[in-house]
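Participant: This is the structure I have questions about; it appears just below.
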Amino acid sequence: MDFEEAERMTWKELFSGFDELHAITYSSGVNFVYNVLSMFETAEIIFGSEEVMSFELQDIMSFQCKLIERIKEKAGKAKITKIDETEISFDFIEETDGKPLYPLSMIIGFPRPIQLKRLFRDMAGLGTEEIYLTGTELGEKSYMQSNIVEKGTAFELLRDGTVQAKSTHIPKLSLYQNLKECVENILKTHYSKKVILIALDNVQSKISLTEFLDNFDGNISEYKIFAAIGSERGWTDKERNLLVQNGFTLCSMGTRVLRTETASTVAASIILSKMGVLS
């Protein structure tokens, strides 16, 4: 048998598309394995060498707790019940349900991939409940093909933001080809709920975001809020009309032109502050 060629690929590319993993490793440590597990529904990994295992008990227990928190979405502590040369057993003691996600969903036009990385982490860190990524008429179509939105990669970034916030609940991510499809699905899914619909726009808006929230007739903490942010070139007139016709209020955040991820973070922070969850 003759060797013909070799192909270079990342470990994410190697594992992409599979739901189960059964493997033995002689070189990958606990931290790497934890990152790999987020890509699969079911996984069984055998450490084939002691050298790849951390001998720090604290590291091992931290890893175990992270796995349980990810599965149960609970926060708590692990109490060791048995430890010997071959086995560590422990009980997970639930203390809280973890920090809740807030009733804020962000509708965001696909940004540049490098911006998307920061955006996922920031939205998860702030505790937004859902993220709707959608194609827009002025958005760059190639951004929608980014491997960042592939299974595993997006989850990892959202998880990083969740861990940074010391939370256990990860926002839900949905992808849409265009704004019309996105808005129609949201209204169909949430038609019976109390919602506030906001679209950030500096072109045709007649009220600022803070002014709109301050003057809202009702307690905004009792509503689910959807905030739409356009891609880097903003909304077209057609998209603005679509949003307004479906109940969105056009609001501005000043005269400065912000990057998509910056505008998203600022808008989410303002809304959450007005909801009283950041105080």
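Participant: Which pairs do you get when a residue that is more than 14 Å from LEU104 (Cβ to Cβ), found in region 157-169, comes within reach of a residue that is modelled with pLDDT under 85 and part of a loop (DSSP other than H, G, I, E, B), reach meaning Cβ atoms under 6 angstrom, with the pair 6+ apart or on two chains?
Facilitator: SER167/GLY98; SER167/LYS99; THR168/GLU73; THR168/GLY98
Participant: Which one is farthest from CYS182 (Cα to Cα) among residues in region 209-222 that are touching a helix residue (DSSP H, G or I) at 6+ places or on another chain (Cβ under 9 Å) and in contact (Cβ under 8 Å) with a residue 24 or more places away in the chain?
Facilitator: Filtering first and then ranking leaves ASP214.
Participant: So which of GLU211, GLU261 ends up being in the same structural domain as ILE131 (by TED's automatic domain parsing), of a type in the set (Asp, Glu) and under 25 Å from PHE120 (Cα atoms)?
Facilitator: After applying the criteria, what remains is GLU261.
Participant: Right, here's the next one. Can you pull out the residues in region 191-211 that are assigned to a helix (DSSP H, G or I) and either of a type in the set (Asp, Glu) or surrounded by 19 or more Cβ atoms within 10 Å (Cβ to Cβ) (or both)?
Facilitator: Within region 191-211, LEU209, GLU211 meet the criteria.
Participant: Among the numbered criteria (1) modelled with pLDDT under 85; (2) under 15 Å from the mean Cα position of the chain (by Cα), which one does SER142 miss?
Facilitator: Every listed condition holds for SER142 apart from (2).
Participant: Could you tell me how many of the residues in region 171-198 are in contact (Cβ under 8 Å) with a residue 60 or more places away in the chain and under 20 Å from GLU140 (Cα atoms)?
Facilitator: So the answer is 4.
Participant: Can you tell me which residues in region 101-116 are in contact with an Asp or Glu (Cβ under 9 Å, 6 or more places away or on another chain) and not β-branched (Val, Ile, Thr)?
Facilitator: Correct list: LEU101, TYR102, PRO103, LEU104, SER105, MET106, GLY109, PHE110, PRO111, ARG112, GLN115, LEU116.
Participant: Which of the residues belonging to region 119-161 are of a type in the set (Lys, Arg) and outside any loop (DSSP other than H, G, I, E, B)?
Facilitator: ARG121, LYS141, ARG159
Participant: Within 20 Å of PHE110 (Cα to Cα), touching an Asp or Glu at 6+ places or on another chain (Cβ under 6 Å), touching a residue at least 40 places away in the same chain (Cβ under 8 Å) and in the same structural domain as GLY127 (by TED's automatic domain parsing), is that true of LEU250?
Facilitator: Yes; evaluated as a whole, the condition is true for this residue.
Participant: Of all residues in region 253-275, count the ones that are without any contact (Cβ under 8 Å) to a residue 60 or more places away in the chain and in a loop (DSSP other than H, G, I, E, B).
Facilitator: 6
Participant: GLN164: in contact with a Gly (Cβ under 6 Å, 6 or more places away or on another chain), at negative phi, modelled with pLDDT of 90 or more and exposed (fewer than 14 other Cβ atoms within 10 Å of the Cβ), yes or no?
Facilitator: no
The values are calculated or read from the model by the stated rules, or taken from the named source; none is laboratory data. Bear in mind the structure is a predicted one, so any value in this text is a computation, not a measurement. Cβ sites come from the backbone with ideal geometry, for glycine too, and all protein chains shown count toward neighbours.
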